[in-house]
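Every number here is computed from the coordinates shown, using simple stated rules; none is lab data. Model, not experiment: these values are computed from the prediction. Here Cβ is always computed from backbone atoms with ideal geometry, including for glycine, and neighbour counts include all displayed protein chains.
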């Protein structure tokens, strides 16, 4: 790929949004300097900005007044920083030779070295369309499960979001071994018979969700191929409006998490989310190294406690609907607990418990709570979102 002379004028806001979006996926530290490049291609249909680091590709098109069609490349993150600082006036960009790109806006003028493209990798093509999803639903589902994904690259299977596609339903799941989040959503597949198990890097999926303009109400197109060649090339693609992203899926097996999810519970509790969040924030000020918050559930209330011999003690009591044994004491990592409450998207949260040493579930309050069966156990309510949390071992 060669750079060629290019010249165009573009609206500052359009350019700023586009280069910021592409630059977000460019690596900060690279072994190959060419991967810092943002490709700028001007043609009769406008301007295309592209980035690629062998794993993630981003491509966006914006309108522009093209004087000289062509292709050039500069350091993407630097260009994004420059454009974001420019006054709100048209931006002129031109590259007349193979050494520098001139960026002009009002009285501001920048000269950037051109990045040669002899060694730039071939950009991947977006796989065939598999289905479409409401953008608000996509953003909500990804944000709910991404918080539970692992960050440890030595366990790559835990750094992704698992998408189990079965016809018109997609189940998104993520876990880091200490908590698990699962969300089920409906979408519009190209084929009702499509089935796939996909493991997509959580960071890429979350970055894509954060960048979507949900006010446009344009469907998010998910592209991993058709039923005959689903995910054959290992690429996961997203397309919306004038933007498209591809990412290489994780070559790892996501763990079977189904056995972790209890079907019945010995106790359930119903608490107001905002009040619980505020109480956790206050009480956790005295947790030692963010170790644990103890929750003592009994009829009509839950008592939150934290602290130690060196930090002092904190306690707060909240109203709580509790059904089960006379009382239950369980402890959680306050950070993980707050993460779950933050993505509950309901006024109240329902906890389901089996034993103080076993995982508990958190779900948005359903329309009706389950009744205890003949053995005194409560079935898990119907829900499209479940946050499962491992307890912390209580001292003694």
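Listing for the model above:
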item: P(r) histogram, all alpha-carbon pairs of the chain included - 10 Å bins from 0, percent; result: 5, 20, 24, 20, 16, 10, 4, 1, 0
item: Highest-MSF residue in the chain out of 72, 99, 154 [GNM, Cα springs under 10 Å]; result: 154
item: Value of [θ]222 nm, deg cm²/dmol, for the chain, DSSP H segments ≥ 4, -39500 (n - 2.57) each, nearest 500; result: -5000 deg cm²/dmol
item: Order of 387, 120 - criterion: other Cβ atoms within 10 Å of each residue's Cβ, fewest first; result: 120, 387
